[in-house]
Amino acid sequence: MQRPSWDEYFMQIAHVVAGRATCPRRSVGAVIVLDKRILATGYNGAPRGLAHCTEVGCHIVAGHCIRALHAEQNAILQAALNGVSTRGATLYATCQPCNHCAKMIINAGIVRVVFEGDYPDEFALELFAEAGIALERFLEGKLVPVDLTPYKPKR
């Protein structure tokens, strides 16, 4: 039996967390890790105590469900709710964060993002590039650094 690498392990956990998602449009999981320890997890779903998309349907505006928070947002908020600092942490997500999540990731002091699936948001890549966040794609069990050079601001 071969043990998974730490990155494989945390990505597998992100997939398990995604199984709790309550927005049927996309199931996403996120795990925030520091020093090989899980700080917080999150999945996409409605705010605490409110009806989920699976119960009352999605609220679609401009092609997006605005009822649900994103997995990354929920993970950061879970850490904040429990008084856990995310400074210097890595966030694992089952898909590329959007620009709203990228801004929260930057402000939460997270320094590395490992993601698996696509999300069509090039502005998020620009934000990560400008902030100096290490961005890596998890493909077929291997990490591939995302080249953010084309997204760096030209000043």
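The values are calculated or read from the model by the stated rules, or taken from the named source; none is laboratory data. Quick caveat: nothing in here was measured; it's all calculated off a predicted structure. Here the Cβ positions follow ideal geometry from the backbone for every residue, glycine too, while neighbour counts run over all protein chains shown. What goes into the accessible areas is simple: the full protein's heavy atoms, side chains included, and nothing from ligands, DNA or RNA. Shrake-Rupley method; radii C 1.70, N 1.55, O 1.52, S 1.80 Å.
Tabulated results
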read-out	value
Sequence-separation-based contact order of the range 1-101, relative, with Cα cut under 8 Å and 6+ spacing, percent	30
Per-peptide average of other Cβ atoms within 10 Å, ordering 28-34, 145-151 highest first	28-34, 145-151
With every protein chain in place, the range 1-76: carbon and sulfur % of accessible area (1.4 Å)	51
Between the range 24-88 and the range 115-155, the Cα center-to-center distance that results, in Å	21
Note, ³J(HN,Hα) from phi for the range 23-36, Karplus 6.51, -1.76, 1.60, rounded to Hz, x at Gly and Pro	9, x, 6, 6, 9, 10, x, 9, 9, 9, 10, 9, 6, 6
Total formal charge among the other residues, if their Cβ is under 12 angstrom from that of residue 29, Lys/Arg +1 and Asp/Glu -1	0
Per residue accessible area in Å² of the range 21-75, where ligands, DNA and RNA are left out and the probe is 1.4 Å	54
222 nm mean residue ellipticity, helices alone, for the chain (DSSP H n ≥ 4; -39,500 (n - 2.57); rounded to 500)	-8500 deg cm²/dmol
Amide H contacts of residue 119 (H built 1.01 Å from N, under 5 Å, at least 5 apart or other chain)	96
Average accessible surface area per residue within the range 87-144, 1.4 Å rolling probe, Å²	45
Convex hull of the chain built on C-alpha atoms - directionally averaged projected area, nm²	10.2
Order of exposure, largest accessible area first, which applies to 122, 140 with probe 1.4 Å	140, 122
Per the chain, cysteines lacking a partner by the 4.7 Å Cβ criterion	95, 98, 101
Charge dipole (debye, nearest 20) of the chain; +1 at Cβ of Lys and Arg, -1 at Cβ of Asp and Glu	340
